[in-house]
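Reviewing the structure listed below.
Each reported figure results from applying straightforward, stated rules to the coordinates on display, with no laboratory input. Predicted, not measured: the structure shown is a model, and the values here were computed from it. Using ideal geometry, Cβ is built from the backbone for each residue, glycine included, and neighbour counts are taken over all protein chains shown.
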Amino acid sequence: MRASPYTEYHPRWLRRRKSTYWWLERMSYLIFILRELSSAFVAWTVVFLLMLVHAVSRGDVAYQQFLSWSTSLPVMLWNLISLFFVVLHAATWFRLAPQAMVVHVGGRRLPGAVIAASNYLLWVMATVLVVWLLVGG
Amino acid sequence: MPDRITLEVARYRPENESAISFQKFEVPCHKEWVVLDGLNYIKDQLDGTLSYRWSCRMGVCGSCGMNVNGEPKLTCATFLADYAPGPVRVEPMTNFPLIRDLVVEIGDFMRKLTEVKPWIVRRKEKPLSEGEYLQTPSELDEYKQFSMCINCLLCYAACPIYGLEPDFIGPAAIALAQRYNLDSRDEGASERLDILSQHEGIWGCTFVGECSKVCPKDVDPAGAIQRYKLSASLASLKRLLMPWGAE
């Protein structure tokens, strides 16, 4: 006979299962999951860049083929979605950076807002540099 | 403001129930009353069988953590008036086995807490005649934030990783380990690192950040874990590059 799981001095604990949809319970959980998902799009962006470099290295015809493929509607849509996730990836990590980075200047801890702002500033500077190289350089 | 408010309180009586049910109670809604006052009113006036933990009623002991309308809260610091006109749903903290009504089983945390050695470790104690271990205010500031933890476990209730992977050491235990690592009097960082650098330690955390949001003492366990990851990575790199000199 199977013993009862409940005794007077060892009460039966209730172990509640976590819902499969726990990530929909709070907005912060949803943003976390989207942030995790964004890593796949960051990886795709790197692959796309490597494909571009590879096409350039194979000559003009391969480069033109790559350009026509990358301007097709499905690829453009996919890259637009990727852009959204890459921006989300950067923004969410910049928001979290002050918690992970403790920087002291002159014996005082820098406020989190300064660390986050400096990340954004570097991002803008890098973007301006890339745009300058592509357009005006 | 209404003079009464309804509490929907989770009940679980293991001797004759196999799931949580909710029981409604109407309690006075005075402006200075917190959720815990409502529960005490139920216990004293309406149903003496209701089980829950509490002690200090002033946000120090960390006993009265529960989920209030789905959010992990210290019920002694959560005002009923903020939820008017109600109802207010009071549940046991998530991610823990439930013993009875609102009482959860926290043995898992207690075991993990001792594993990370949350005390000052010295390789060799100096003799009493040399006096106490002195510390400057800036050295105190390094760890003070993490020392405010009251082990209320709201961070565990908010952490989805702990809910999904119960082997994860968890936010409070890691924050307390970091509290001692950052203490200038402590010499036990490498001992703790061996425990916390495992997958179930700091690397189990994927930085959801909810632990820091729900912390009633602004301890920022998520920040402690990320800082720990950084120092663990640097220590590993040091061991790799200088195997003869690293601890």
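With contributions of -39500 (n - 2.57) from each DSSP H run of at least four residues, the per-residue ellipticity at 222 nm computed over chain B stands at -9500 deg cm²/dmol. Between A:104, A:54, A:89, the residue with the greatest mean-square fluctuation in the GNM of chain A (Cα pairs under 10 Å linked by springs) is A:104. Separation of the stretch A:64-114 from the stretch B:157-216 is 26 Å, based on Cα centroids.
Each principal axis of chain B carries a Cα extent, and these read 68, 40, 31 Å when sorted largest first. Considering only B:90, B:34, B:103, the mean-square fluctuation computed in a Gaussian network model of chain B, springs between alpha carbons under 10 angstrom, is largest for B:34. Close amide H partners of residue B:183, meaning residues 5 or more places away or on another chain with modelled amide H under 5 Å apart, do not exist here. The C-alpha atoms of chain B define a longest principal axis, and helix B:221-241 lies at about 20 degrees to it. When each of the peptides B:116-123, B:69-76, B:211-218 is scored by how many other beta carbons lie within 10 Å of its residues on average, the order from highest to lowest is B:69-76, B:211-218, B:116-123.
In chain A, which whole DSSP H runs stretch at least 18 Å along their own axis (Cα) and average 0.5 or higher on the Kyte-Doolittle scale? Show your work: numbers first, answer last.
On the way: long enough: A:27-57 (45 Å, 1.71); A:73-100 (40 Å, 1.29); A:112-131 (29 Å, 1.92).
Both cut-offs are met by A:27-57, A:73-100, A:112-131.
Where the alpha-carbon atoms of the protein assembly as shown are placed on the principal axes, they occupy 84, 68, 57 Å, in descending order. Among the cysteines of the protein assembly as shown, B:29, B:64, B:76, B:149, B:152, B:159, B:205, B:215 have no other cysteine beta carbon within less than 4.7 Å of their own. Computed from backbone phi with θ = phi - 60° and the Karplus coefficients 6.51, -1.76 and 1.60, the 3J(HN,Hα) list for the stretch B:178-189 is 5, 4, 7, 4, 8, 7, 4, 8, 8, 10, x, 4 Hz; x is used for glycine and proline. If the elastic network links every pair of Cα atoms under 10 Å, which of B:230, B:193, B:154 fluctuates the most in the Gaussian network model of chain B? Among B:230, B:193, B:154, the largest GNM mean-square fluctuation belongs to B:230. Counting only residues at least eight positions apart within a chain, or on another chain, the aspartates and glutamates with an alpha carbon under 14 Å from that of residue B:213 are B:71.
Between their Cα atoms, which of B:124/B:217; B:73/B:217; A:18/B:117; A:18/B:73 are more than 22 Å away from each other? With Cα atoms farther than 22 Å apart: B:124/B:217; A:18/B:117.
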